[in-house]
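A short write-up of the structure that comes next.
Bear in mind these aren't lab numbers, they're just calculated from the coordinates by the rules spelled out. Keep in mind that what you see is a predicted model, and the values were worked out from it rather than measured. With ideal geometry, Cβ positions are generated from the backbone for all residues, glycine too; neighbour counts draw on all protein chains shown.
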Amino acid sequence: MVRTGISRRGPAGGRSGQGRKSARRGSFSSTKPSALPMRMCQSCGKRAPADALLRLFRDAEDHVGFDLRRRAGGRGAHVCYSRKCIEEAVRKRRISRALRMGGLTCSADELVEHIGARLLEKIRHYLALSQKSGRVVSGVSCVLRALKTRKIALVLTASDLAENSRDRLEVGCRAAGIACRALPLNRVEVGRALGRSPRAVVALPDGPLVRAIVQTLENFGSISSLFRAK
Ligand SMILES: [Zn+2]
């Protein structure tokens with residue numbers, strides 16, 4: 001599980017120019033103005049608020065990593081949460097140039113896998129935080145009951161949830177007008193994230209964590225096709 005293969009190739013000279021495409025006008029449409037600075041994808045040139053793009057950084061040991069919390073200092077390279085943009089940025093050496101590195105020894109697949117693993121960590125972390133809040137409902141029968149009686153904003157299902165339970169939950173969520181998303185975690189992993197026994201379903205009340213989980217799942221979905229294909 002531990003990634004070790006992403007490192008600097010050595011002192012091979014790289015051009016310092018960015019070689020970016022100019023940003024397409026109107027390529028990002030947001031209804032809410034963001035307080036965050038705008039950044040540009042190294043691959044497609046899309047401009048977006050910093051948190052809508054993934055940030056890669058170069059650590060003290062000249063490794064490239066995904067700056068999950070956007071707090072790593074120093075030079076960063078932004079790329080869309082998209083398999084295509086990551087592949088292009090690696091292939092055209094835009095990441096190594098932006099980070100002023102000679103080159104990357106990692107492939108796009110390795111980078112995507114690293115990013116995916118960090119996003120999964122983030123999802124597990126959000127589940128743990130939700131559990132700590134004490135307002136989480138888990139288990140199929142408890143969630144089905146809660147859909148009728150409690151204020152639930154989001155239902156999350158484990159990847160190995162039984163088909164008939166999934167159907168019942170989807171019908172229940174539709175009737176209650178509640179979003180239902182599949183987690184890229186099985187019931188053992190979901191239970192572990194919650195600090196409990198295996199859980200096939202989790203329901204959360206409305207709040208910032210719900211929005212953060214939905215966004216992270218979306219980002220994960222955008223880049224995960226590479227390792228699903230394996
Ligand atoms: Zn892009």
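Details
- Once the Cβ-Cβ distance of Lys151 and Arg70 is raised to the sixth power relative to R0 = 35 Å, the FRET efficiency obtained is 0.65.
- Judged by the gyration tensor of its Cα atoms, with axes a ≥ b ≥ c, segment 121-222 is rounded; a/c sits under the 1.5 cut.
- Extension gain from Asn164 to Asp59, taking 0.36 nm per residue of separation minus the Cα-Cα distance: 33.1 nm
- Between Asp206 and Arg100, the simple spin-label model (points 7 angstrom out along Cα→Cβ) gives 4.7 nm.
- Whole-Hz ³J(HN,Hα) from phi, Karplus 6.51 cos²θ - 1.76 cosθ + 1.60, for segment 171-178, glycine and proline x: 5, x, 5, 4, 5, 8, x, 10
- In this calculation the C-beta distance from Arg181 to Lys92 is compared with R0 = 30 Å, giving a FRET efficiency of 0.35.
- In loop segments of segment 47-117 as defined by DSSP, the GluC sites (Glu not before Pro) with at most 12 further C-beta atoms inside 10 Å of their C-beta are Glu61.
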